[in-house]
Amino acid sequence: MKLGQVFQAVEAWRNLAALKMKPQMAYQILKYVRLVLAEYEIAEKQRVALIHELTETRDGEDARIETGTPEFAEYIRRFSEVMETECDLAKCEIALSQVMASIAEGEKLSMAELEALEPFFAE
């Protein structure tokens, strides 16, 4: 799995974790979300470090890269490389269909969220 998949799906994971579901499934999802968030943090730290490097600022200082600048083009190029990095996150051992069956009535995810989550599950 690529780090970019994790980075792009983190909001869907947070939304899934907020849904009411059977306790045992909720616990399994909680454990896996912790793994997802650990991988996300790796990418986020690299993203922030890259912005500081390109803007010649230090950690804790405000840093911003304006679109259309050479720095922005370099940021996109280098961060895209980070997103293409393979990560160590294994697929969740449960099927997405099992998770969906465990979710309480009235709770739902969007089709975009399901699409983002699907590659993480065994099926």
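Under the condition of being hydrophobic (A, V, I, L, M, F, W, C) and within 14 Å of residue 26 (Cα to Cα), the residues counted in region 87-100 number 6.
So which residues in region 15-60 are part of a helix (DSSP H, G or I) and either of a type in the set (Asp, Glu) or more than 21 Å from the chain's Cα centre (by Cα) (or both), if there are any at all? Walk me through it before giving the result.
Narrowing region 15-60 to residues part of a helix (DSSP H, G or I): 15-18, 23-55.
23, 24, 39, 41, 44, 52, 53, 54, 55 - these are the residues of region 15-60 that are part of a helix (DSSP H, G or I) and either of a type in the set (Asp, Glu) or more than 21 Å from the chain's Cα centre (by Cα) (or both).
For residues that are in a loop (DSSP other than H, G, I, E, B) and either within 25 Å of the chain's Cα centre (by Cα) or in contact (Cβ under 8 Å) with a residue 40 or more places away in the chain (or both), tally how many sit in region 62-78. Before you say what the answer is, go through the steps one by one.
Within region 62-78, the first condition is being in a loop (DSSP other than H, G, I, E, B), and the residues that meet it are 62-69.
Checking which are either within 25 Å of the chain's Cα centre (by Cα) or in contact (Cβ under 8 Å) with a residue 40 or more places away in the chain (or both) leaves us with 62-67.
Residues in region 62-78 being in a loop (DSSP other than H, G, I, E, B) and either within 25 Å of the chain's Cα centre (by Cα) or in contact (Cβ under 8 Å) with a residue 40 or more places away in the chain (or both): 6 in total.
Filtering region 100-123 to residues that are under 18 Å from residue 11 (Cα atoms) and in contact with a strand residue (DSSP E or B) (Cβ under 7 Å, 6 or more places away or on another chain) leaves 103, 120, 121. Note on region 101-123: among residues that are crowded, with 17+ Cβ neighbours inside 10 Å and of a type in the set (A, V, I, L, M), the one that is farthest from residue 26 (Cα to Cα) is 116. Against the definition (surrounded by 12 or more Cβ atoms within 10 Å (Cβ to Cβ) and at negative phi), how does residue 71 come out, yes or no? Yes.
A search for C-beta distances below 6 Å between a residue of region 14-27 that is farther than 12 Å from residue 98 by Cα and without any contact (Cβ under 8 Å) to a residue 12 or more places away in the chain and any residue that is surrounded by 16 or more Cβ atoms within 10 Å (Cβ to Cβ) and aliphatic (A, V, I, L, M), counting only pairs 6+ apart in sequence or on different chains, returns nothing.
No value in this document is a laboratory result; all are computed from the given coordinates. Only a predicted model underlies this, so the values are computations on that prediction, with no experimental measurement involved. FYI the Cβ positions are ideal-geometry reconstructions off the backbone, even for glycines, and counts take in every protein chain you see.
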